[in-house]
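Participant: This structure is in structure tokens; I'll ask about it shortly.
Nothing in this text is a laboratory measurement; each read-out follows from the coordinates by a stated rule. Everything numeric here is computed off the predicted structure, so don't read it as measured data. Every residue, glycine among them, receives a Cβ derived from its backbone with ideal geometry; neighbour counts consider all protein chains shown.
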Amino acid sequence: MLLVIDVGNTNTVIGVYDRDRLKESWRIRTVRDNTADEFNILAGALFADRGLPLTAITRVVISSVVPSSVGILDGFCRRYLDLTPVWIQPSCVKKRMPILYSNPNEVGADRIVNAVAAYDKYQTGLIIIDFGTATTFDVITPAGEYLGGAICPGVMISSEALFRKASRLPRVEIFEPPPRVIGTDTIGSMQSGIIHGNAAMVDGMVERMRQELPHPLTIIATGGLAPLIAGLSTTIETVDQSLTLEGLRIIAGEPKYPI
């Protein structure tokens, strides 16, 4: 079986594939200062809870935007799985997806795997919007080239910044939109600004990107808050939460692309 791990700044997503079928997945908090031994205890507990033996893993593919995770997960794979993990980098996809960034090595691993999965599935020009710690926009041409994109403060970052930097504003829940755009109290006004404001930002960015390109683009959203913002957006066409794990599977060669 294939173990895929995506380490983000806030959450780490883990998946187990049996060929092209996702058997199990977990979303856990990213911990920057744990050890390979501690990660083994966590992984062992997660696998045991689902009746899966760690010894069934035969390959590991990892994407990470957290440098400190490299030593931890590499040590876990080598010590406890007796496997050398594949770390996602632009060179992994250069034959199947040309990266047109001026410096391809600057493209985050999470953006690469999302792009590979989305183009493999939709086979058209795309804007992929990932609502994570940052909100990222990735543009793929109809020919399957990674063109570039934009990086914006994430929804949670925006919310936390208001709470921390404006002394009289409270921390608010942002898991559902307020009933009105025009808030009638402080909390409702903050929720509107954060949630409706991010939806408007997404629509504005998509329209501006469309103006720079001559071809149609399908707009795909992914990430934890994608359903919330997509429900208010006029440009997002599809929410696809499987992109990151699917991209790792595809790059790993299950069953299509050998590394």
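Participant: Just need a number here: residues in the range 104-151 that are touching a strand residue (DSSP E or B) at 6+ places or on another chain (Cβ under 8 Å), over 12 Å from Thr244 (Cα atoms) and among the acidic types (Asp, Glu).
Facilitator: Residues meeting the conditions: 2.
Participant: For the range 33-126, list the helices (runs of 4 or more DSSP H) that sit wholly inside it and hold at least 3 residues that are surrounded by fewer than 15 Cβ atoms within 10 Å (Cβ to Cβ) and over 18 Å from the mean Cα position of the chain (by Cα); which are they?
Facilitator: Helices (runs of 4 or more DSSP H) meeting the threshold: 36-49.
Participant: Does at least one position in the range 32-42 carry a residue that is under 19 Å from Val16 (Cβ atoms) and either among the basic types (Lys, Arg) or touching a Pro at 6+ places or on another chain (Cβ under 9 Å) (or both)?
Facilitator: No.
Participant: Residues of the range 133-151 being hydroxyl-bearing (Ser, Thr, Tyr), closer than 24 Å to His196 by Cβ and in a strand (DSSP E or B), which ones?
Facilitator: Those that are hydroxyl-bearing (Ser, Thr, Tyr), closer than 24 Å to His196 by Cβ and in a strand (DSSP E or B): Thr135, Thr136.
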